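The values are calculated or read from the model by the stated rules, or taken from the named source; none is laboratory data. Since we're looking at a predicted model, the values are computed, not measured. As a convention, Cβ positions derive from the backbone with ideal geometry for all residues, glycine included, and neighbour counts pool all protein chains shown.
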Amino acid sequence: MELTLLRSTLPTTLIILLLFSAARRSAARHRAIDRPGFAAPQQARDAVSASLGAARGALALVARSSGDGPRAPAPPEAAALGDCAVALGDAVAQLQRSLDALGKLPRARPWAEVDDAETWVSAALTDENMCAQGFAAVEGEGEVKSAVARGVADAAERTSNALALINGLRTTAP
């Protein structure tokens, strides 16, 4: 109903100008690269940054859960936590490298940065999935296992989304 009112009160050219202006402001906000075959690198950087935060959170949870004392995990769970800490540490490093590569866009050779970011985010997703599989193999359902599984699943989901956005940066072959 509001669109009908807008159409009846504004000339068509003004509507087109308003839509064009809004699209231009949106593109400027996302710092789209002015080259064919690229779309919204800022969205990809934001997604990698969110993935990095989730991976760091999962790593911190694993570190807290690995502690000694009365709440120390059982040996199988402790081994899975140790493996998970290594895998998530690698994932954090790879996501940081990817974020650094995406921060270099635009450049004269942007495909190299996109390829690097894609490789590192894919490797981070593999590490997160290895952590999740290692915990899935531990028998039983404990508080630590559930909490770590949720944290790693959240990180992996964000990393998968980041990878999809990075893949979307290249819509044509270089």
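If I filter the stretch 119-144 down to residues being at pLDDT below 85 and part of a helix (DSSP H, G or I), which single residue comes out as farthest from VAL86 (Cα to Cα)? Looking at residues that are at pLDDT below 85 and part of a helix (DSSP H, G or I), I get GLU143. A Cβ distance below 6 Å, combined with a sequence gap of six or more or placement on separate chains, defines the contacts here; from the stretch 35-64, residues that are under 14 Å from GLY103 (Cα atoms) and polar (S, T, N, Q) reach residues that are part of a loop (DSSP other than H, G, I, E, B) and at pLDDT below 90 in the pairs GLN42/HIS30; GLN42/ARG31; GLN43/HIS30. Every condition in (1) closer than 17 Å to SER51 by Cα; (2) surrounded by fewer than 21 Cβ atoms within 10 Å (Cβ to Cβ); (3) not polar (S, T, N, Q) holds for ASP115 except the one numbered (1).
So, ARG97, is that one modelled with pLDDT under 90, more than 18 Å from GLY134 (Cβ to Cβ) and charged (D, E, K, R) or not? No; evaluated as a whole, the condition is false for this residue.
State whether one or more residues within the stretch 95-103 are surrounded by fewer than 15 Cβ atoms within 10 Å (Cβ to Cβ) and either among the basic types (Lys, Arg) or touching a Gly at 6+ places or on another chain (Cβ under 7 Å) (or both). Looking for residues that are surrounded by fewer than 15 Cβ atoms within 10 Å (Cβ to Cβ) and either among the basic types (Lys, Arg) or touching a Gly at 6+ places or on another chain (Cβ under 7 Å) (or both), one finds none in the stretch 95-103, hence no. What are the pairs with Cβ atoms under 7 angstrom where one residue, in the stretch 76-90, is in contact (Cβ under 8 Å) with a residue 40 or more places away in the chain and the other, located anywhere, is buried (at least 24 other Cβ atoms within 10 Å of the Cβ) and small (Gly, Ala, Ser)? Sequence gap at least six, or different chains. Qualifying pairs under 7 Å: LEU88/ALA55; LEU88/ALA58. Scanning the stretch 96-118 for residues that are free of Cβ contacts under 8 Å to residues at least 12 places away in the same chain and assigned to a helix (DSSP H, G or I) yields ASP100, ALA112, ASP115.
Table: residues versus (1) under 30 Å from ALA137 (Cβ atoms); (2) modelled with pLDDT under 50; (3) surrounded by fewer than 17 Cβ atoms within 10 Å (Cβ to Cβ).
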residue: PHE20; (1), (2), (3): no, yes, yes
residue: PHE38; (1), (2), (3): no, yes, no
residue: GLN43; (1), (2), (3): no, no, no
residue: ALA47; (1), (2), (3): yes, no, no
residue: ARG64; (1), (2), (3): yes, no, yes
residue: ARG71; (1), (2), (3): yes, no, yes
residue: ALA80; (1), (2), (3): yes, no, no
residue: CYS84; (1), (2), (3): yes, no, no
